[in-house]
1. What pairs come up if the first residue lies in segment 66-85 and is in contact (Cβ under 8 Å) with a residue 60 or more places away in the chain and closer than 20 Å to residue 47 by Cα, the second is within 8 Å of the ligand (Cβ to nearest atom) and outside any strand (DSSP E or B), and their beta carbons are under 7 Å apart, counting only those six or more places apart or on different chains?
2. When residues of segment 45-57 are filtered for being surrounded by 11 or more Cβ atoms within 10 Å (Cβ to Cβ), closer than 23 Å to residue 83 by Cα and either in contact (Cβ under 8 Å) with a residue 40 or more places away in the chain or out of contact with any strand residue (DSSP E or B) (no Cβ under 8 Å at 6 or more places or on another chain) (or both), how many remain?
3. Determine if segment 21-44 includes at least one residue that is within 13 Å of the ligand (Cβ to nearest atom), touching a helix residue (DSSP H, G or I) at 6+ places or on another chain (Cβ under 6 Å), part of a loop (DSSP other than H, G, I, E, B) and touching a residue at least 60 places away in the same chain (Cβ under 8 Å).
4. Those residues that are within 15 Å of the ligand (Cβ to nearest atom) and over 11 Å from residue 99 (Cα atoms), I need them from segment 1-20; list them, please.
5. From the list 95, 60, pick out the single residue that is surrounded by fewer than 16 Cβ atoms within 10 Å (Cβ to Cβ) and either modelled with pLDDT under 95 or closer than 13 Å to residue 114 by Cα (or both).
Ligand SMILES: C[C@H](O)[C@H](O)[C@H]1CNC2=NC(N)=NC(=O)C2=N1
């Protein structure tokens, strides 16, 4: 269960997102998606998605705890669903109802967690 070295994207600062910022256009989101290859875009291009498979419920719960701690530290929070053997994440910047660079930074940070 090695911890990945943070990518350049993961080391960027998650800054404030003014409510009038335009969400990323689909083409911009797809360019950033190349830097978080385990993630996908929702069909409408407004949400970043990631599924993890874990060995059991305890493994899923432990990963949720690590993600929650990271999210609190960054003040940027994915929606999380989990159960026996899985964790499902959705990331969006609620303030703008779409994707911001912050979502991709958070996704890249989540990739550094052991799982
Ligand atoms: C006040 C606080 O900084 C904001 O509500 C933050 C908290 N976490 C957040 N998380 C996400 N995913 N989107 C947001 O817009 C958001 N806003």
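The values are calculated or read from the model by the stated rules, or taken from the named source; none is laboratory data. All values reported here derive from a predicted model rather than from experimental measurement. Please note: Cβ atoms are built from the backbone with ideal geometry, for glycine as well, and neighbour counts cover all protein chains shown.
1. Hits for this filter: 74/106; 76/102; 76/106.
2. Selection size over segment 45-57: 6.
3. Of the residues in segment 21-44, the ones within 13 Å of the ligand (Cβ to nearest atom) are 21, 23.
Next, only the ones that are touching a helix residue (DSSP H, G or I) at 6+ places or on another chain (Cβ under 6 Å) stay: 21, 23.
Retained after the next criterion (residues that are part of a loop (DSSP other than H, G, I, E, B)): 21, 23.
Filter again for touching a residue at least 60 places away in the same chain (Cβ under 8 Å), leaving 21, 23.
Scanning segment 21-44, I find at least one residue that is within 13 Å of the ligand (Cβ to nearest atom), touching a helix residue (DSSP H, G or I) at 6+ places or on another chain (Cβ under 6 Å), part of a loop (DSSP other than H, G, I, E, B) and touching a residue at least 60 places away in the same chain (Cβ under 8 Å), so the answer is yes.
4. 13, 14, 15, 16, 18, 19, 20
5. 95
One line per residue, one yes/no per condition, for (1) buried (at least 20 other Cβ atoms within 10 Å of the Cβ); (2) modelled with pLDDT under 95; (3) near the ligand (Cβ under 8 Å from one of its atoms); (4) assigned to a loop (DSSP other than H, G, I, E, B):
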| position | (1), (2), (3), (4) |
| --- | --- |
| 80 | no, no, no, no |
| 103 | yes, no, yes, no |
| 106 | yes, no, yes, no |
| 112 | no, no, no, yes |
